[in-house]
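Values in this text are rule-based calculations from the coordinates and carry no lab data. Just so it is clear, the structure is predicted and the values come from calculations on it, not from any experiment. Backbone-built Cβ (ideal geometry, glycine too); neighbour counts: all protein chains shown.
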Amino acid sequence: MRTQYYTATSLDGFIATEDDSLEWLFPLGDMEHSSYPQFIENVGALAMGSSTYEWMMRNSEAVIESVGSPWPYTQATWVFTSRDLPVIEGADVRFVKGDVRPVHAAMREAAAGKNLWIVGGGDLVGQFYDSGLLDEMIVQVGSVTLGKGKPLLPRRVLNPILKLTAVQQMGSTMVELRYDVEKGEK
């Protein structure tokens with residue numbers, strides 16, 4: 001069981017535009033021709049921030065077109081938010097706030113031995129990293145620059161280092177980088 005950050009980023013390190021748009025990403029590739037199908041098979045629970053969840057609500061028509069329902073996950077999902085948000089029909093969602101450590105423990109239990117996916121955003125992933133709970137980063141880098149936006153990981157990560165474990169080219173517009181997060185003193 002690993003706690004993983006699986007995401008896409010622009011070449012200059014942004015996962016979304018300033019207004020949380022992912023439109024830059026869609027022309028770059030097809031998820032079915034990426035590592036995503038194999039990755040999601042091994043995920044037992046998810047965590048995401050409220051901006052990611054709200055993006056899914058705003059783009060429900062595109063999600064329905066892509067997967068046939070307004071919620072693309074069968075796994076239990078924890079959404080970190082300090083606001084009241086509606087539940088997306090068919091979603092197994094638990095709204096939480098505060099420290100990521102007790103949520104991580106609940107996610108581990110729900111995942112039944114499968115991996116945990118920290119969907120995003122970058123600050124939420126940073127909280128898991130700060131708590132020593134992040135094991136792996138799987139980052140697909142697209143051949144675009146955004147100039148500004150939501151950063152991939154708004155943390156200074158100098159020590160312990162991220163250990164590159166794999167590189168895979170995905171067509172002519174994307175590359176996937178896999179890093180183990182080495183544990184140790186920060």
Original post:
For the charge dipole of the stretch 3-181, defined by +1 on Lys and Arg C-beta atoms and -1 on Asp and Glu C-beta atoms about the Cα centroid, which residue among Gly147, Val125, Trp55 has the Cα displaced farthest towards the positive pole?
Top reply: Val125
**OP:** Output the peptides 117-129, 71-83 sorted from most to least packed, where packing is the average of other Cβ atoms within 10 Å over each peptide's residues.
**Re:** 117-129, 71-83
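Return a whole-number percent for the relative contact order of the stretch 3-181, with Cα pairs under 8 Å and 6 or more residues apart as the contact set. Please report the intermediate quantities before stating the final value.
On the way: 326 pairs, mean separation 62.3, N = 179.
In percent, rounded to a whole number, it is 35.
State whether the stretch 3-181 is rounded, prolate or oblate according to the following rule on the C-alpha gyration tensor (a ≥ b ≥ c being the square roots of its eigenvalues): a/c under 1.5 gives rounded; otherwise a/b larger than b/c gives prolate, and the remaining case gives oblate. Present the calculation step by step, with values, prior to reporting the outcome.
On the way: a/c = 1.36, a/b = 1.09, b/c = 1.24.
Because its axes are fairly even, with a/c under 1.5, the stretch 3-181 counts as rounded.
In debye to the nearest 20, how big a dipole does the stretch 15-62 give about its Cα centre with +1 on each Lys and Arg Cβ and -1 on each Asp and Glu Cβ?
Numbers: 1 positive and 9 negative charges, 33 e Å.
I would put it at about 160 debye.
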**OP:** Mind putting a number on the dipole of the stretch 3-181 about its Cα centre? Charges go on the C-beta only, +1 for Lys and Arg and -1 for Asp and Glu, and I need it in Debye to the nearest 20.
**Re:** 580
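Taking K and R as +1 and D and E as -1, what net charge do the other residues with C-beta under 11 Å from the C-beta of Met107 add up to?
+3
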Subject >> the stretch 1-86, relative contact order [Cα under 8 Å, separation at least 6], % >> reply: 25
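When the dipole is taken about the Cα centre of the stretch 78-186, and only Lys, Arg (+1) and Asp, Glu (-1) are charged at their Cβ, what size is it in debye, to the nearest 20? Before the final figure, lay out each step's value.
Working: 14 positive and 13 negative charges, 55 e Å.
With Lys and Arg at +1 and Asp and Glu at -1, about 260 debye.
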Original post:
What shape does the stretch 88-186 have by the C-alpha gyration tensor, where a ≥ b ≥ c are the square roots of the eigenvalues, rounded means a/c under 1.5, and otherwise prolate means a/b greater than b/c and oblate the rest?
Top reply: prolate
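Say the cut-off is 25 Å between C-alpha atoms; which of Lys114/Lys163; Lys97/Lys148; Lys97/Lys150 go over it?
On the way: Lys114/Lys163 22 Å; Lys97/Lys148 27 Å; Lys97/Lys150 20 Å.
Cα-Cα > 25 Å for Lys97/Lys148; rest within.
At a 10 angstrom cut-off on C-beta neighbours, averaged per residue, how do the peptides 11-22, 41-52 rank from highest to lowest? Please report the intermediate quantities before stating the final value.
On the way: 11-22: 16.1, 41-52: 20.0.
Ranked from most to least packed, the peptides come out as 41-52, 11-22.
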